[in-house]
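The block underneath contains the structure these notes are about, expressed in structure tokens.
The values are calculated or read from the model by the stated rules, or taken from the named source; none is laboratory data. The model shown is predicted, which means the values in this text are computed figures rather than measured ones. Heads up, the Cβs are rebuilt from the backbone with ideal geometry, glycines too, and the neighbour counts pull from every protein chain shown.
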Amino acid sequence: MPATLRALLLALCCAAAHAADTTAPAPLPLQAFANLPLVQDVVLSPDGKRFAALMNRGDDTLLATREVAGGVPLRSLLKTDNRQFRFGWIRWVNNERLVVSVRYPSRHGWVEISETRLVSIKHDGTGIVNLVRRAAFDRSQHAQFQDQVIDWLPDDGRHVLLQLVDDSGLDPLVFRVDVETGRRTPVHGARSDVRRWITDGSHRVRVGIKQRDAKVEILVSDPEGQRWRTAWSFDVFDRDAVWPIGFRADPNRLIVQADHEGRRAVFEVDLSQADLPRKLLVSHPRFDLGGELMTAPKTGQAIGVRVNLLGDAAAGFWDADTKGLLQAIDRALPERRNRLLQFSADGSRYLLYSTGNGVPGEYYVGLREGGTLALLAGTYPQLVDKPLARKRALTISARDGTALPSYLTLPPGRDPPRMLPAVILPHGGPISNDTIDFDPWVQFLADRGYAVLQVNFRGSWGFGHEHMRAGLKRWGLDMQDDLSDAVQWLTKSGAADPSRVCIVGGSYGGYAALMGAAKTPELYRCVVSFAGVSDLMALGAHQRGFVNGAAVFERQVGSTWDDSERLKATSPRRLAAQFKAPVLLVHGTLDRSVPFEHSDMMADALKDAGKPHRFVKQEEGDHHLSNQAHRTQFFRELEAFLAEHIGR
């Protein structure tokens, strides 16, 4: 038995010995987990006196505002039922007016896509302005993305810089947009294949990220916006990739993310020197560091990055004052991931998101003077002070020795873990990760009596470049073997009953679930795929409809021409005859990430092969269970399916 598991079981047994007659608590209501989070997004106005939030009530998501001090009810400005239109994000431009991103499913020719639009609205719900409206006589095709703000011009308060493709091609220009009238003025022209522009502290366009197929070039100019040159050139998944994220106050000091000892770190680059010397700002010995650049109030000086939740949030900051603030917050809210989101313009207030292991996320407003924290809103208030499960961090060794950072969650009151029904829960992406933080899917499954194992299989992001690259072109191969090895590890320990293991996943995780049923049918008693990929050849054909999509797919998954035999051999819908376990398929008809046809084809293949399955079609459903009715339906289907096949 691996030492890590032996130590874990010993600790659990000892804990159980000191807690005699421990029994599992009664299950919590399904809706407590199936509800969309009460709050999805919170932003402070520049003066810190108001906040805006996206709030879920029943089937609707509301854009609402309120005074931070309270005393006045929330004011609802806009709402959607998340079937056609969905909110993307919100942001204050000044103390009176917000900008709101809206997304919806669409189609360009034969390609099904998501489009975005941008509107502004006053905090009281008046003065709605379409920021990308077209002239009445203009009958040309709309640009797909119309919400790509590249500079918020915080000292202006009326304009933003928006990159937007005009009707002449695919390459975006930069416009200065008046948020009160929608009038826009071009400030920087398009360049061939430049997909993203970055401005410096003086709001001048200084960096262009150019991509043709899978090749990326980083273009930089001098402080006057002249004499453009290529600073770096690399392939999208190269270890030596350098990704700019913003500038210091000095217009020659560019902040980038690049490799440091095998992991992503943050550097400062001196653009005034021909050899582009780098100065390391922050790194982490175990995790990749990356995120959005954060600047100090008043000065606009770069102070750090909002890191992903794998690592310590304070590790992303090089500014001593900000790092000290986060350390003080960690002492006030221990055993959590406390993420600094925003400062008010004068620096007196800040917005914080706090979550943790078995702790649903909460938004706080802090006052620098006096050091007080006030709770604004919680994401799952119905789960506060409930007996939630906690994840155990551990490392599983794959058959070739690859270390797989993983998390095991046991049902509350089920220590020590012996012969439990278990769910393997591979994450989506697959260039993504599972963390130790709160996850409603995990909590729901543990509450229903299942041990839950999450594995950061090779191909996952955050654990160094080589771990990510090890997943390239290995869909259904080594990546799948990692999950199989994790199941063997769990059942050999005695923690899980080998006859009662189910694999459940969404998106890539749905693919891994289906592929597990085909490749290792003896491991799983049942299989659940939400919005899962079922055919890699079909996925490759779909990606050809997007700019650079075919080349990136070829690097990540494989060539539909040169690798066609491998892609077919690792496509679950072509392997339906090998399935033994019953399958639950759930998919939304308006999914724009993994087309609905993948589950439709999988269901047909299982039917033709005479295999037991249930196919739930969610009309107008998306890839993220954004609609409350769809989300509740999925949780109910999942609960019933697992209870039928692996029970408690």
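Descriptive notes on the structure:
- Any hit, the stretch 141-159, residues being in contact with a Ser or Thr (Cβ under 8 Å, 6 or more places away or on another chain), surrounded by 14 or more Cβ atoms within 10 Å (Cβ to Cβ), of a type outside the set (S, T, N, Q) and closer than 30 Å to L280 by Cβ: yes
- Assessment of the stretch 427-442 against the conditions (in a helix (DSSP H, G or I), surrounded by 23 or more Cβ atoms within 10 Å (Cβ to Cβ), in contact with a strand residue (DSSP E or B) (Cβ under 7 Å, 6 or more places away or on another chain) and modelled with pLDDT of 95 or more) yields at least one matching residue.
- Taken together, L483, L523 contain a single residue that is part of a loop (DSSP other than H, G, I, E, B), free of Cβ contacts under 8 Å to residues at least 60 places away in the same chain and within 18 Å of S406 (Cβ to Cβ), which is L523.
- Checked against the criterion of being out of contact with any Gly (no Cβ under 6 Å at 6 or more places or on another chain) and either assigned to a helix (DSSP H, G or I) or farther than 27 Å from K519 by Cα (or both), the candidates A551, A581 yield just one match: A551.
- The test for being at pLDDT below 95 and over 18 Å from the mean Cα position of the chain (by Cα) does not hold for A446.
- Residues of the stretch 353-385 classified as charged (D, E, K, R) and either closer than 15 Å to L410 by Cα or under 22 Å from the mean Cα position of the chain (by Cα) (or both), total: 1
- Qualifying residue in the stretch 595-608 (condition: within 24 Å of N35 (Cα to Cα), touching a residue at least 24 places away in the same chain (Cβ under 8 Å) and touching a Pro at 6+ places or on another chain (Cβ under 9 Å)): no
- Search result, residues across the stretch 292-305 that are under 18 Å from E268 (Cβ atoms) and either at pLDDT 90 or above or buried (at least 18 other Cβ atoms within 10 Å of the Cβ) (or both): E292, L293, M294, T295, A296, Q301, A302, I303, G304, V305
Condition check ((1) buried (at least 16 other Cβ atoms within 10 Å of the Cβ); (2) at negative phi; (3) among the hydroxyl-bearing types (S, T, Y)) across all residues:
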position	(1), (2), (3)
T199	yes, yes, yes
V220	yes, yes, no
R227	no, no, no
T230	no, yes, yes
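- Here the stretch 52-107 is the region considered, the condition is being out of contact with any strand residue (DSSP E or B) (no Cβ under 7 Å at 6 or more places or on another chain) and charged (D, E, K, R), and the residue that is farthest from R158 (Cα to Cα) is D59.
Residue-by-condition table, conditions (1) within 20 Å of I150 (Cα to Cα); (2) out of contact with any helix residue (DSSP H, G or I) (no Cβ under 6 Å at 6 or more places or on another chain); (3) not hydroxyl-bearing (S, T, Y):
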site: L276; (1), (2), (3): no, yes, yes
site: D288; (1), (2), (3): no, yes, yes
site: A302; (1), (2), (3): yes, yes, yes
site: F317; (1), (2), (3): no, no, yes
